[in-house]
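The values are calculated or read from the model by the stated rules, or taken from the named source; none is laboratory data. Keep in mind that what you see is a predicted model, and the values were worked out from it rather than measured. Using ideal geometry, Cβ is built from the backbone for each residue, glycine included, and neighbour counts are taken over all protein chains shown. The area values use the complete protein model at the heavy-atom level, side chains included, leaving out ligands, DNA and RNA. Shrake-Rupley method; radii C 1.70, N 1.55, O 1.52, S 1.80 Å.
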Amino acid sequence: MDSSNHWYRHAHIWSQYCGLGFDYPPRINGVIQHGWTFVHGFGAGHEPPHGFTKYVWADVNRRRGQAVGWRDYYVTGAPMLYLDRITPHEPDAPEPEGTIWYPFHGTVDYEAVSGDHDRLIDEIKETETGPVTMCLYYVEYEIPAVRAKYEDAGFRVISHGTRGVKWTGGNPRFLSEQLGELRRHRRIASNRLSSAIFYGSSLGLQPAVYGDPMDLVGVKTGFNGTDLLEHTYPELHGRDIDARVAREVADVELGRDAMLSPEEMVLVLGWEQEWLMRREESA
Amino acid sequence: MTATVTSDRPANVTLVKGAMQRWSDLEHAPGGGASAAARTYVEQQLRPDARVALVGPHPLDLITGLAGQVAHLTVFTRSIPDAVLIGNALLECEGTEVVCGSVAHLPEAPEPFDLVIALDDMARVLSLETEVLDWQEVFDAVRALLADGGTLLLGVENELGLHRIGSLRSRYTSNDDATWSATATFDTGRPRTEAALTGVLADAGLVVRRLGIGLPAWEDQAVIATGTRSFSPQMDTLLAAATLGSAAFRRVGADPTRVTRAAVLSGRLPDLASGWFVVAGAGSGAADEDVATITATTPSGEVVTYTERDGAILTERDGVAVAEPVEVPTGSRLLSEHVLDACAVHDLPALRSLLRRYAGWLAGRPTRTSAGDRVGDIRMDAVLVADDGLVALDPGVLRGSAEDAAWEGLADLVRVIRARGARHPWPSATDDRTMMSIMGAMAELAPHPDLEALVGTESREPALPAYDVPGLLAVIERLTETNTALASRAQWFEDRLNTREREMRLRTARHDEELKRVVRQQELLRSSAEDVRRSITYRAGNLLIGPVRKVRDRGGR
């Protein structure tokens, strides 16, 4: 229904989780939270129409939503947790090492970040002792000058690709590649709290949040966490964060306790008919 | 949706974990301690050198009022918009700060407080940003703020209070924006009885020094009473008078006719209070004497306190002792109760007698002669009927003449009858002005020149969220009776009009017929005359007689 369900292939991951295959997920009469947020589960300008279910990662999103007049939430847990569950670990994978660093990003459509990349590189070098993988958002990755700055600093520079527009384009393996990269690293870092930090923390990586948080140019009122998150999530800011505490917080924010069985997920997403037909076909 | 610009908050506001970006408690309700009665309890606990914490939503003017009276004030609120509002209001006040977030998740324990005030219960202290805590867990966090030897002033809503019993909507089924957490209802940790509350406090190492109850509604705590278990019948009467006479019960659909009055008559008003107010001390120390007091906010905004000591009831008004102890005759009841009962049973002789006594009693009261004279409360809810006469609970002078006072009392009575949908003896189509005029005549008052101005005075109090469904139905029934009567009268007039119109039409028709008949007769006569003129006989006669007439006429000349 909502193209944001396909941005990071969240619908596809759940379809696969439910045994309906990855490539062609059935329609969802609702909107899936597509990234971690400190508001009601959805970004500025993204108001799911009334009457359609809002699938959010954690109960706190439901509570924030209800407080501003929104209803019809269903707490599911983050699709990344489902992907992790259905993706087996490579048996001969090397021991995790180094840091994967996710600089804070805006979106090409709405907002852009503004900050000093050189200063950030200095801070990363001061802090990180092992190899660093710099994972740029596709917006920054496609700017050669920005990419070159990080490559010249000796970092491995990667991107998980684009998220697509209106059900077309985008990297279908965006989250799969992110999961693979996270499993390869020991530390996860960023200059702001973000989905990546929570994903990594929940997977057991040592998180760190430091460096110039960069300004989000054009951000909508109430959707800029600057000067808020360091007060409301103080335990998740700094170069040496308690990994155990971070994992506990991340599991709450990603809704690990809220994860559904495939059978419940099928019903909650309105996929019962598809599921029954698929069962009949395979019987 | 409340937009928040967090960087705009004043310097005296500290954000901590649990700060709620988009929610304002003060936008939804004023918070605990809104009534003048409740504020007297706060005032009694203040010390100039005290460190005070205010936890949960409280009215802004209460907060700013506290700031100048104590050495230090920390306001704990979960709402960023409220924190910004309070912070700006306290900018010029030394020794104040605002901590915005969850009290249960403070980054470090603050220096303990000598006085912790939490009059709005625990339900609105819990932040939606944190894990959901139950009542006991939030209370434990509030308790942790208290210094050894300090005082906790706590308000706890009674789930079985009159306001909840009479509520139009169930909080168990409501799904409004505030019910993102149902801890106010679905919470087994919440104390639901006085004994459970004192048990919670004892477990927390707190000694209850005073325990009060709030009436008539949690949102409108006009009356606070302590030591109700040891109330004498006289104090029970005063509590009933203060409760039934409160402004809340002059709003359409407000309860008292059913549950509150039954609670009054059964002596169970304290059991059905809207909530409890506790003054509890941390550490060792004995409980205070269980002093029987009633603190009530009068319709004029004055705070009156009745204290029973050694069998006498002492009165204070706005903190000033009244010389004469209040007189509450044994077995006396409010005049309004007598009058409403007489109205309900159509006992017109009794009603006439009561109204005449009321008017006669007012005629014997002093009137204001100087600006310094205190004006008393002459409403029938503030007057007791004793065997040997009427007794004013608020015995001040009359504002104007006794006649004016009587009309004011009658206007208030009419408002009460209408608001409660009370039964009355007058025909259903009777309007307020006529009803009041009749009662005035019963009381033998001279006709009032402008009754509309009196009966048209309506309460400007905000709507009460708690209503009594049977009370509302009663209002609807009374209005239905009135509408039925008015419709019946309209039909009667229409029938009469129709009859008259039919009569007129019939008469017109008859008249027309008669006219036509006469015209026909006239036509017939004219036709007959014409026929005669045309006949041979007539014309032959004319030929013969004509010359003769001419000769006769000439000869006559």
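So the values come out like this:
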quantity	calculated
Fraction of beta bridges assigned by DSSP in the protein assembly as shown that are antiparallel (%, nearest 5)	50 percent
Where Rh is the Kirkwood radius over Cα pairs, Rg/Rh for the stretch B:129-190	1.04
Fraction of beta bridges assigned by DSSP in the stretch A:99-202 that are antiparallel (%, nearest 5)	10 percent
Percentage relative contact order, chain B, counting C-alpha pairs under 8 Å, at least six apart	12 percent
Shape parameters for the protein assembly as shown, alpha-carbon atoms, Rg then Dmax in Å	41.5, 168
Charged-residue dipole, Cβ positions (Lys, Arg, Asp, Glu), chain A about Cα centre, Debye nearest 20	520 debye
Convex hull projection area averaged over all views, the stretch B:32-79, Cα basis, nm²	3.1 nm²
Residues with amide H under 5 Å from that of B:Ala222, placed H, sequence gap 5 or more	B:Leu215, B:Ala217
Globularity index of the stretch B:334-467, i.e. its alpha-carbon radius of gyration over 2.2 N^0.38 Å	1.04
Counting DSSP beta bridges with both ends in chain B, the antiparallel % (nearest 5)	65 percent
Förster-model FRET efficiency, 35 Å R0, B:Ala202 and B:Arg169, C-beta, rounded to 0.05	0.50
For B:Arg333, distant residues with modelled amide H under 5 Å away	B:Val385
Cα point-scatterer Debye curve for the stretch B:6-70, base-10 log of I(q)/I(0) at q = 0.11 Å⁻¹	-0.33
Globularity index of chain B, i.e. its alpha-carbon radius of gyration over 2.2 N^0.38 Å	1.57
5 angstrom amide H check on A:Tyr74, placed H, neighbours 5+ away	A:Lys54, A:Tyr55, A:Val56
Cubic angstrom per residue, convex hull over Cα atoms of the stretch A:126-170	76 Å³
Sequence-separation-based contact order of chain A, relative, with Cα cut under 8 Å and 6+ spacing, percent	23 percent
Where N is the number of residues in the stretch B:142-241, Cα Rg divided by 2.2 N^0.38 Å	1.25
Column: log10 I(q)/I(0), Debye, Cα scatterers of the stretch B:1-157, q = 0.14 Å⁻¹	-0.61
Karplus-derived 3J(HN,Hα), 6.51/-1.76/1.60, for each residue of the stretch A:21-34, Hz, glycine and proline x	x, 7, 6, 10, x, x, 4, 10, 7, x, 10, 9, 4, 9
In Hz, Karplus ³J(HN,Hα) per residue of the stretch B:149-161 (6.51, -1.76, 1.60; θ = phi - 60°; x = Gly, Pro)	x, x, 10, 10, 10, 10, x, 9, 6, 8, 5, 9, x
Residues listed by number, the stretch A:170-194, amide nitrogen under 16 Å from A:Arg147 label point at 7 Å toward C-beta	A:171
Peptides ranked, highest mean first, by Cβ atoms within 10 Å: ranges B:78-88, B:56-66	B:78-88, B:56-66
Over the stretch A:99-254: Rg over Rh, Cα atoms, Kirkwood Rh	0.94
Rg over Rh [alpha-carbon atoms, Kirkwood Rh] for chain A	0.96
Surface accessible to a 1.4 Å probe, B:Cys93 within the full protein complex, Å²	40 Å²
At q = 0.15, 0.20, 0.26 Å⁻¹, base-10 log of I(q)/I(0) for the stretch B:484-528 (Debye sum, equal scatterers on each alpha carbon)	-0.55, -0.69, -0.83
In Å², nearest 10: area of B:Val16 left accessible to a 1.4 Å probe	10 Å²
